[in-house]
Amino acid sequence: MGESLVREGYAGTGPGAITPDGCAVELYRRLAVGDEPDVIASAAPAGASILELGCGAGRVTHPLVERGFTVTAVDESPAMLEQIVGARTVRSPIETLDLGAERFDVVLLGSFLVHAGEHRVRDGMLRVCRRHVEDDGIVLIQREGVAHRSGLPWERVDRSGCRIRIVSAEPVGDGVRSVRAEYDFGDARWTQTFRSRELSDDQLAGHLEAAGLAVDRTLTDDGTWLLARPMS
């Protein structure tokens, strides 16, 4: 299968396959995993079933599998899913995923996906989270930190040696920004342009409530990881 059409407002450049949201498969194969597996493991019951929405090339998937979790990895890019080892894979846009009656102990929505520029996409993602989590399960959501929307440009060096630079975040209307990122490994360079909607605590809580979820607590000191539970 080929890639789906590029999403409006998203683009990517550089070597190798580019996904519908502008991500470069080879780039995400190279990037190092951060503290995401530690955060997830701190909240998830041992051996839990995890539905990972937007798995990419498996940066988080593979460490979770190694820790004994049973992972179902979802992505709309077949080229990304080809990189996944040790987990069940499902090709689908997140916002339209339907696994029937299947439910999971943990549903994971990482990579700042909750900040999707389109309301229908974000709301669809959150409804998918609620539909696929057990009634006594948890939903883990990663949101943007302040650095992602202020003090630009900024840059950091990933553990893999990649220099990551957020160049700009230009308003395009209705509270949405067009963000441009650059990734430089020295021997290869990629860019990505994507759309991001800033969400206050109250706005995010409201969108979660509309989907049948409620914030239980934050998992990190910087507030970028939230644990939500199904509402009764």
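The values are calculated or read from the model by the stated rules, or taken from the named source; none is laboratory data. Being a predicted model, the structure only gives us computed values, none of them experimental. Counting neighbours? That spans all protein chains shown, and the Cβs are built from the backbone with ideal geometry, glycine included. When the accessible area is computed, the model is the full protein with side chains, heavy atoms only, and any ligands, DNA or RNA have been set aside. Shrake-Rupley method; radii C 1.70, N 1.55, O 1.52, S 1.80 Å.
Residues in segment 219-231 that are more than 16 Å from SER111 (Cα to Cα) and touching a residue at least 24 places away in the same chain (Cβ under 8 Å): ALA228, ARG229, PRO230.
For segment 149-168, name all the residues that are in contact with a Leu (Cβ under 8 Å, 6 or more places away or on another chain), without any contact (Cβ under 8 Å) to a residue 24 or more places away in the chain and not hydroxyl-bearing (Ser, Thr, Tyr). Passing the criteria: ILE166, VAL167. Being closer than 25 Å to GLY9 by Cβ, touching a residue at least 12 places away in the same chain (Cβ under 8 Å) and surrounded by 14 or more Cβ atoms within 10 Å (Cβ to Cβ) is a property that LEU204 has. Scanning segment 51-72 for residues that are of a type outside the set (Ser, Thr, Tyr), closer than 10 Å to LEU108 by Cβ and not in a loop (DSSP other than H, G, I, E, B) yields LEU51, GLU52, LEU53, LEU64, VAL71.
Pairs are defined by a Cβ separation below 6 Å, a sequence spacing of at least 6 or placement on different chains, a first member in segment 93-119 that is open to solvent by 50 Å² or more (accessible area, probe 1.4 Å), and a second member that is assigned to a loop (DSSP other than H, G, I, E, B); the pairs so defined are ASP105/ALA48; SER111/GLY54; PHE112/GLU144. The requirement of being free of Cβ contacts under 8 Å to residues at least 24 places away in the same chain and either in contact with a Cys (Cβ under 7 Å, 6 or more places away or on another chain) or within 17 Å of VAL107 (Cβ to Cβ) (or both) is not satisfied by ASP216.
Out of THR191, THR218, one residue alone is more than 16 Å from the chain's Cα centre (by Cα) and open to solvent by less than 30 Å² (accessible area, probe 1.4 Å). It is THR191.
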